[in-house]
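Chemist: Below you will find the structure I want to go over with you.
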């Protein structure tokens, strides 16, 4: 009988211990009255920035034999705030099929507020960049993740630049021999295309050469050619614009040149110094 009482007491104690352990294990998920404890854990994801506007209506006008600088701005938003933008990654590129792309040398942040920012980019163009209305901007920037935003929808214009340099103003023969054909001038005249037009033809208005006694070397005895040692070029006509179309070519491009070599078929004239009655006139055209 005594053993039975001990057993019952032992079982009651075991039940109390298990009940206490159960209460401890479940206390964190039970509510007291109507008040329950909750906590919140969130991982905030990165928002990809968006370039929602690029400056429109720009026109670029390079300077002959030099460059032209333009400034283009773009607006960007980032839901993580403008501070999430990596300003050093901002860039704008002017591009056109068949032409060298022009990258910005700098993009400066401006008007930063909240989730918005504006960047002003400096882009330099060369004098030989093609004149056209279908150039495009590709502006881009990354955030700190980095996630990239870009916009390549806005077109702009590069205006035409007509500019040709001439390295010499005279065709000179230091010792032309009478009654001798195909004598080449001492040096050619070199034309350099300092603009962005393609010149495919030229015209030259030449004049007779005379001495003090009005002895004449007729204009028709002069000819122009595109290479040394090739006198069979284009013959000149006195006081008349003579077209050069078969061999003249001066396209736009870096260092684009065309040379004019002059030849004379010397008639029988007295010795002495001869000069043209007027300056020869040359015009190039597209």
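Chemist: Quick one: which strands (runs of 3 or more DSSP E) sit completely within region 35-128 and have at least 3 residues that are buried (at least 17 other Cβ atoms within 10 Å of the Cβ)?
Modeler: On the way: elements: 50-54, 67-77, 85-95, 102-113, 116-126.
By residue number, 67-77, 85-95, 102-113, 116-126.
Conditions (1) more than 19 Å from residue 257 (Cα to Cα); (2) in the same structural domain as residue 73 (by TED's automatic domain parsing); (3) in contact with a helix residue (DSSP H, G or I) (Cβ under 7 Å, 6 or more places away or on another chain); (4) at pLDDT 95 or above, marked per residue:
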residue: 154; (1), (2), (3), (4): yes, yes, no, yes
residue: 180; (1), (2), (3), (4): yes, no, no, yes
residue: 191; (1), (2), (3), (4): no, no, no, yes
residue: 224; (1), (2), (3), (4): no, no, no, yes
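Chemist: Let me ask you something else. Taking the conditions exactly as written (more than 30 Å from residue 126 (Cβ to Cβ) and either exposed (fewer than 15 other Cβ atoms within 10 Å of the Cβ) or in contact (Cβ under 8 Å) with a residue 12 or more places away in the chain (or both)), does residue 231 satisfy them or not? Working first, answer last.
Modeler: Numbers: more than 30 Å from residue 126 (Cβ to Cβ): yes; either exposed (fewer than 15 other Cβ atoms within 10 Å of the Cβ) or in contact (Cβ under 8 Å) with a residue 12 or more places away in the chain (or both): yes.
Spelling it out, residue 231 is indeed more than 30 Å from residue 126 (Cβ to Cβ) and either exposed (fewer than 15 other Cβ atoms within 10 Å of the Cβ) or in contact (Cβ under 8 Å) with a residue 12 or more places away in the chain (or both).
Chemist: Now a separate question. Could you grab me the full set of residues in region 129-147 that are part of a strand (DSSP E or B), more than 12 Å from the chain's Cα centre (by Cα) and in contact (Cβ under 8 Å) with a residue 40 or more places away in the chain? Give the derivation first.
Modeler: Keep residues of region 129-147 that are part of a strand (DSSP E or B), which gives 132-143.
The next check asks that each one be more than 12 Å from the chain's Cα centre (by Cα); those that pass are 132-134, 139-143.
139, 140, 141, 142, 143, listed by residue number.
The values are calculated or read from the model by the stated rules, or taken from the named source; none is laboratory data. Please read all numbers here as calculations on a predicted model, not as lab measurements. Because the Cβ atoms are built from the backbone with ideal geometry, glycine has one as well, and the counts that use them run over all protein chains shown.
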